[in-house]
1. Tell me yes or no: at least one residue of the stretch 418-434 is open to solvent by 20 Å² or more (accessible area, probe 1.4 Å), in contact with a strand residue (DSSP E or B) (Cβ under 9 Å, 6 or more places away or on another chain), part of a strand (DSSP E or B) and not hydrophobic (A, V, I, L, M, F, W, C).
2. I need the full set of residues from the stretch 294-317 which are of a type in the set (A, V, I, L, M), open to solvent by less than 10 Å² (accessible area, probe 1.4 Å) and closer than 14 Å to Leu195 by Cβ, in order please.
3. So which residues in the stretch 200-215 are without any contact (Cβ under 8 Å) to a residue 24 or more places away in the chain and open to solvent by 100 Å² or more (accessible area, probe 1.4 Å), if there are any at all?
4. From the list Glu228, Glu244, Glu218, exactly one residue is open to solvent by 80 Å² or more (accessible area, probe 1.4 Å) and closer than 18 Å to His137 by Cα. Which is it?
5. Mind checking which residues of the stretch 214-246 are closer than 17 Å to Ser256 by Cα and of a type in the set (Val, Ile, Thr)?
6. Counting only residues that are part of a loop (DSSP other than H, G, I, E, B) and free of Cβ contacts under 8 Å to residues at least 40 places away in the same chain, which one in the stretch 436-473 is most open to solvent (accessible area, probe 1.4 Å)?
7. Take Ile450 and decide whether it is within 21 Å of Val349 (Cβ to Cβ), among the β-branched types (Val, Ile, Thr) and in contact with a helix residue (DSSP H, G or I) (Cβ under 7 Å, 6 or more places away or on another chain).
8. Can you tell me which residue within the stretch 382-413, out of those that are touching a residue at least 40 places away in the same chain (Cβ under 8 Å) and part of a loop (DSSP other than H, G, I, E, B), is surrounded by the fewest Cβ atoms within 10 Å (Cβ to Cβ)?
Amino acid sequence: MAEVRRRGPHGPGAPRGGFQKPKNMRKTIGALMRYIGRSKWLLVVVTVCLVLNTVCSIGGSYMLRPLIDECIVPGNYPRLARTLAMMAGIYACAALLSYSYSRIMVRVSQKATHAIRRDLFAKMQQLPLNYFDTHTHGELMSRYTNDIDTLNEILQNGMVSLISGILTFVGVVAVMLYLSPLLFLVTVFSLGLMLAVIMTVGKRSRRYFMAQQKDLGEINGYIEEMIEGQKVIKVFNHEAKAKEGFARRNEAYRRSATNAHSFAGAMMPAMGNISHINYALTCCVGALLSIAMGLDLGALLLYLQYTRQVSQPIGQVSQQVNNILAAIAGAERVFEVMETAPEVDEGSVILVNVSHGADGSLTEAGGRSDGWAWKKPDGQLEPLRGDVRFQDVVFRYVPEKTVLHGISLYAKPGQKIAFVGSTGAGKTTITNLINRFYEIESGLITYDGIDIRDIRKDSLRRSLGIVLQDTHLFTGTIADNIRYGKLDASDEEIRAAARLANADTFISHLPDGYDTWITDDGGSLSQGERQLLAIARAAVADPPVLILDEATSSIDTRTEKLIERGMDRLMANRTVFVIAHRLSTVRNAKAIMVLEQGEIIERGDHDDLIAQGGKYYQLYTGQAELS
């Protein structure tokens, strides 16, 4: 589109992830719980399994005390065998419980993220077009990929790991206090030291990880841009410049990633060394307590075992907290899209199939029909003729820039209206307003005498056929792409539409004809062939109003001549709005509107405008530039 739009703050170089605190954690968690809560009974089972797993893990370790004091020291081998068997059974139960809650959480997380993806996609179909003007494709795609994938990983593993770590820490601390409150003072000192290390190293590591993600976004965006522009790079011999730009960004990413992973990598060795120091101190103090106060050997060895275990949940929890906060921030971005106000549609007039009676009356047809009509809320049927009128229409994409200044025009049924003018004059905007892709600020647009705001948007757009300058083809067969204009079109209707657009010849020469599979937006086809398919797609819809936005701009002169008759047949008995750079294509228009800076400065047919000797005459004779 020619008009300048306001873009969002995110582009190809925007960060793709990284640590980011959520803005409203309570609200986001509440929204998330509504999805997770759909599996509430499974969550109850997971909670029970987690608690029992923690009890079994701690209880299995506790069996060391009777194993040593009551079996090994007195040499009671029968009891030793029974105790070992019991420990094996407890650890087997712990393993089974761990497997069970892991499998269940996979199901819960997949079910929740499946529902979130479904609702997010459904919501995007309801959003107005200006939402997509202010958000880049990459930014929206990251909701489906980075944000939801991170959320899925946290639901599947992170939350369980966090809860398990907390339960294990609380359980181990409780048993350690029970075994020896004095020895626990040594553990408290070590735990405090660990927390200090986590807070200091974690804070710096987090800052570097944020820089790493920013640099990663920059380098990914640069690579994407360079890949898309390879032809331009080679044409202008900018390979060296491209490599220089990549090297600069790659070096920035290397520095930030090195710093981030250096601090993150230092965390576990530091924790491990503190744990070793704690273990040694506990051994020394425990030995003294065993000699002086009679602490039994089994209790001392069990306490030392728990000393090993108590540091693990701390690192586990500290690691998961950052991941969970990042996931909640991602979920918040997803829910922000879901909470965006949908496209407003207060229309009550709908488009229906009708049959014509012998007396000329109209009746709504359930099956085969003779045409279309507008059905008003009171049941009155108004024939669809294709009469479109603008009355003093004012429009802005953004508040600070007026795009259309009091536009007034009319197109009677069957007339061909052409818009010409320089880029940014407002030509495409007018056709977008007919579709109600955007809402006008003031004025009135009517369709067969009905305010288009009173017409349901799906009915309004069903009555319009559009061929855009930028053709978009979907992955599928040639026939599927033509059928996009009318989903229930038969094979014969598709072929008839292709013949009308003069696309049948080149389609027939493809390897599989109409069943030829195309991908990558039809990259295997020429731009002209893609344009012909777009024209065939509009033809199969058989709309009463047709909008051609630079429809033949990518077709060579010979091809344009070949399809001219087909286009004339397509435009017959239809109201047609044409935007064209080639003024030769609009010579036979009933009225030609010359736009400049959002205003109609000249109007009339080709001969009238030539006779006026104004802007159109300058454009037609090449004295002014049309861009």
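1. So far as the stretch 418-434 goes, no, none of its residues is open to solvent by 20 Å² or more (accessible area, probe 1.4 Å), in contact with a strand residue (DSSP E or B) (Cβ under 9 Å, 6 or more places away or on another chain), part of a strand (DSSP E or B) and not hydrophobic (A, V, I, L, M, F, W, C).
2. Selection gives Val310 alone.
3. Lys203, Arg207 - these are the residues of the stretch 200-215 that are without any contact (Cβ under 8 Å) to a residue 24 or more places away in the chain and open to solvent by 100 Å² or more (accessible area, probe 1.4 Å).
4. Glu228
5. The answer is Ile219, and nothing else.
6. Start the filter on the stretch 436-473 by keeping residues that are part of a loop (DSSP other than H, G, I, E, B), which leaves 436-441, 448-449, 456, 463, 468-473.
Cutting the leftovers down to free of Cβ contacts under 8 Å to residues at least 40 places away in the same chain gives us 436, 470.
Values: Arg436: 12, Asp470: 114 Å².
Restricting to residues being part of a loop (DSSP other than H, G, I, E, B) and free of Cβ contacts under 8 Å to residues at least 40 places away in the same chain, the top hit is Asp470.
7. Taking the combined requirement at face value, the residue does not satisfy it.
8. Lys412
The values are calculated or read from the model by the stated rules, or taken from the named source; none is laboratory data. Since the structure is predicted, the reported quantities are computational estimates derived from the model, not experimental observations. Positions of Cβ are backbone-derived with ideal geometry, glycine not excepted, and every protein chain shown enters the neighbour counts. Please note that ligands, DNA and RNA were not included when accessible areas were found on the heavy atoms of the full protein model with its side chains. Shrake-Rupley method; radii C 1.70, N 1.55, O 1.52, S 1.80 Å.
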